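Student: This is the structure I want to talk about, given as structure tokens.
Derivation of every value follows stated rules applied to the coordinates shown; laboratory data play no part. Note that this is a predicted model, so its numbers are computed, not measured. For neighbour counting, all protein chains shown are included, and Cβ atoms are generated from backbone atoms with ideal geometry for every residue, glycine included.
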Amino acid sequence: MASGSPDAPAGRKTKDWMQLFVPLLRPFRKQLCWAALAMVLDAFLTVFRPWPLKVVIDRVLSHKPSRVPFLHAWLDSAPFSRMEILYGACAATLLIAVLTGVLTYYFTRTMGAVGQHFVFTIRRDLFAHLQRLSLRFHNCQRRGDLITRLTTDIQAIQDLIANGIIVLGSNAFLIAGMLVLMFWLNWQFALAALSVTPLLFWVVFRYTRRIRVAARQARANTGLLASLAQETLSSIQIVQGLAQEEQQDDRFRAQSRSGLQAYLESVRYQARVAPLVDVLAAVGLAIVMWLGATRVLAGVLTTGDLVIFFAYITNLYSPIKALARLSYTYSKASVGAERIAEVMRVRSEVRDRKRARPAPPLRGRIEFRDVSFEYETGRTVLSHINLAIAPGEKIAIVGATGTGKSTLVSLVPRFYDPSEGEVRIDGEDIRTYTLQSLREQISLVLQDQLLFRGTIRENIAFGRPGASDEEIAAAAVTANADEFIQRFPDGYETLVAERGTTLSGGQKQRIAIARAILRDAPILILDEPTTGLDAAAERTVMDALERAAARRTTLIIAHRLVTVRLADRIVVLDRGRIVEEGTHLELLARNGWYARLYRLQMSTEMEKALVSANRALALE
């Protein structure tokens, strides 16, 4: 995520997220144009709010020219009585209020709707993008931080679009209109009245930059805090079991304190802006009072002109203060946009090639041709793997922890691509197929079966949402899951808690096996699905796995060698290389790596029983 590195210039970061998000506003350009027009009209009418009072002071009370833009020639020459002018000024005041109210309602509602749709699009695209990034990316990221980008950061952008643009647009147009009329009335007086404005803007933008830096640090700390909370709560059993609540409290407190300091710094900068703006505004108003009074006494300005200047100067600094407050909203949104752009700019290492085509129905012949893989340069995980697996063959991959078993199997569904060599299915390099079509023909039963919050029916049908109730039940029967599902009061409609915590390990595994069976894919990957099960549950799961693997090309990652009885052939990995290959009996007879590993795990009696069983099977 180079574009989001801490050392990247702020200007480049802003350019990055602007290029990413501005095109998303194109579908709303018509609504934005109408909203902008409504803001301009609202500002135009708001600028003229004090003019009816000027007309009353100058025409009704003082018998002087009104000098109303566009209307002064007609108004000064028309034969209106004083009361008629007074009634007209009151009517104009009410009309301006009604029209500005209608316009404000329109552009507020329009911008709010655009903001909601815009944020919906960003959140949808970000979530879709995150799902398609490679496992290497997700393995290096904190999940809590990614969730913060999906929620808090996007909410900051929504606040800016729905409210910030309204504040910016309406106040900017209002300031422009007031400046034009002030200079039209008396440009020397206008210059004097606005003499403190450059200093005012300098203060606002100076602190805006500091607020943005503090907001960026605060938002990063929020992401880390969310990650820590997510990690702790998802592992609450081990935290409580080891009585480490105090340790996690300390970690959370330390991270919270770091975020608190960043937020306090941004609040401190924001708090400094308002009083500085107030003081500078008071200076400007004092100049207008002194200079205006002297000009009225000298006959250069009318009392109505001075009232207009008073109104404009007072109202001019209110929009500037509103823009100063907006700087904090903008800073939060800008930082949020930067953080989202960081992720959106990341390109998955594993993606479809330009000419990738949908995979045909696969038979399941898998070949690893001189495959090497490394997560980091110089850190070799797999080295020159050559392995051919026939359609329907069951291969067990064994070896010590860290020898590359899971990595080797992960190359088949293209969770990673090999650094060298190629993986072929039915004679074709799998990179010639689209990822979607390839993975649709592969089923997984993993060691840690994370079920989704929902019903058992929904969890079984997750890999094939359109399956019928009969097909779901048949898959559950094959997986030995139907018997315990039927014992639940709600049967297949029983709700499963997040991560399947309301089910036992064996029940979760059998639901996962039912999911794999229902998918009916020609290739099945089993990642030590019996880990952590007791003997009875293990026998039930093994029976279900044997049915699931029937007529399918099956790759079994075997940490516990009891699962190798499903395999037609065993491949032994050591330091990323294939060191042995053969059947269970053949490898035991060689008395090599596999035999030593096997004896470490099995008792002598178990070994004799399995050898006898395998000999009987071999004779048959």
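Student: What dipole magnitude, in Debye to the nearest 20, does region 448-514 give about its Cα centre under +1 on Lys/Arg Cβ and -1 on Asp/Glu Cβ? Could the numbers behind the result be given before it?
Tutor: Working: 7 positive and 10 negative charges, 50 e Å.
The dipole magnitude comes to about 240 debye.
Student: Based on the Cβ-Cβ distance from residue 586 to residue 384, what FRET efficiency comes out when R0 is 22 Å, to the nearest 0.05? Provide the component values of the computation, followed by the final result.
Tutor: Working: r = 23 Å, r/R0 = 1.03.
Plugging the Cβ-Cβ distance into 1/(1 + (r/R0)^6) gives 0.45.
Student: From the Cα gyration tensor of region 341-405, with a ≥ b ≥ c the square roots of its eigenvalues, which class applies: rounded if a/c is under 1.5, or else prolate if a/b is larger than b/c, or else oblate?
Tutor: On the way: a/c = 2.36, a/b = 1.17, b/c = 2.02.
Cα axes put region 341-405 in the oblate bin.
Student: Please say if region 448-514 is rounded, prolate or oblate, where rounded means a/c under 1.5 for a ≥ b ≥ c the square roots of the C-alpha gyration tensor eigenvalues, and otherwise the choice is prolate for a/b larger than b/c and oblate otherwise?
Tutor: Details: a/c = 1.35, a/b = 1.22, b/c = 1.11.
Rounded shape, in that the Cα axes give a/c under 1.5.
Student: Mind running the shape call on region 348-445? Use the C-alpha gyration tensor, a ≥ b ≥ c as the square roots of the eigenvalues: rounded below 1.5 for a/c, prolate if a/b tops b/c, oblate otherwise. If you can, show how the numbers build up before the last one.
Tutor: Working: a/c = 1.78, a/b = 1.24, b/c = 1.44.
Oblate, because a/c is 1.5 or more while a/b does not exceed b/c.
Student: By a straight-distance test (C-alpha under 12 Å), which aspartates and glutamates pair with residue 332 as possible cross-link partners, with residues fewer than eight away in the same chain excluded?
Tutor: 153, 159
Student: Continuing with this model, one more query. As an exercise, identify the trypsin sites (Lys or Arg not before Pro) in region 344-437 lying in DSSP coil whose Cβ has no more than 16 other Cβ atoms within 10 Å. Could you put the intermediate results ahead of the total?
Tutor: Values: sites: 345, 347, 351, 353, 354, 355, 363, 365, 369, 379, 394, 405, 414, 424, 431; in loops: 345, 347, 351, 353, 354, 355, 363, 365, 414.
Within region 344-437, the qualifying trypsin sites (Lys or Arg not before Pro) (loop, at most 16 other Cβ atoms within 10 Å) are 345, 347, 351, 353, 354, 355, 363.
Student: Neighbouring Cβ atoms within 10 Å as the yardstick, rank 39, 289 fewest first.
Tutor: On the way: 39 26, 289 14.
Going from least to most buried by this count: 289, 39.
Student: Still on this structure, please answer the following. With θ set to phi - 60° and the Karplus curve 6.51 cos²θ - 1.76 cosθ + 1.60, what are the ³J(HN,Hα) couplings of region 507-512 in order, to the nearest whole Hz, using x for Gly and Pro?
Tutor: Ordered by residue, 3J(HN,Hα) equals 5, 4, 5, 5, 5, 5 Hz.
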